[in-house]
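Worksheet: the structure to be examined is printed underneath.
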Amino acid sequence: DKSFNATMETDFDKTIGKINIIPQDMGRVILNLITNAFYAVSETKKQQPNGFDPTVSVSTIKNGERVLISVKDNGNGIPKKVLDKIFQPFFTTKPTGQGTGLGLSLSYDIVKAHGGDLKVETNENEGTEFTIILPA
């Protein structure tokens, strides 16, 4: 959608160094989370055309023996009633034809295969933050 604009903020921890991952796989996970975040803020912008500044933030930080990669948006958040289903295969909140429901499920599996975890924090009408936690 060429008419849609959003702010993308980044904050990368330069002290992380190299970690033991398959870059293409982790790239797919991060791309999926960013794509979902842009979709969320785009939908929110449609509902609130005036005064809403769509923003997606990506950050990394080293926390002891772990590396945390965060993708955060200020969209509408994930409804509580579906939160426990978001990592299930074929579950999607997108309209028919706009999502396969495999993105978060595959992302979760990829992160787990790397010895990590994928967490979500969300507040309805405020936004969502996905955090990938990997061994350093």
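Could you check, for the stretch 10-18, whether at least one of its residues is outside any loop (DSSP other than H, G, I, E, B) and modelled with pLDDT of 95 or more?
Yes, the conditions are met somewhere in the stretch 10-18.
(1) more than 14 Å from residue 29 (Cα to Cα); (2) modelled with pLDDT of 90 or more; (3) touching a strand residue (DSSP E or B) at 6+ places or on another chain (Cβ under 6 Å); (4) of a type outside the set (Val, Ile, Thr): which one isn't true of residue 135, the others all being true?
(3)
Quick one: count up the residues across the stretch 105-136 that are open to solvent by less than 30 Å² (accessible area, probe 1.4 Å), of a type in the set (A, V, I, L, M, F, W, C) and touching a Phe, Trp or Tyr at 6+ places or on another chain (Cβ under 8 Å).
1
Consider residue 88 against the criteria (1) touching a strand residue (DSSP E or B) at 6+ places or on another chain (Cβ under 8 Å); (2) over 17 Å from residue 42 (Cβ atoms): it satisfies all of them except one. Which criterion is unmet?
So the condition that residue 88 fails would be (1).
The values are calculated or read from the model by the stated rules, or taken from the named source; none is laboratory data. It should be emphasised that the depicted structure is a prediction, and the values quoted were computed from it without experimental measurement. Please note: Cβ atoms are built from the backbone with ideal geometry, for glycine as well, and neighbour counts cover all protein chains shown. Keep in mind that these areas ignore ligands, DNA and RNA; they rest on the heavy atoms of the full protein, side chains included. Shrake-Rupley method; radii C 1.70, N 1.55, O 1.52, S 1.80 Å.
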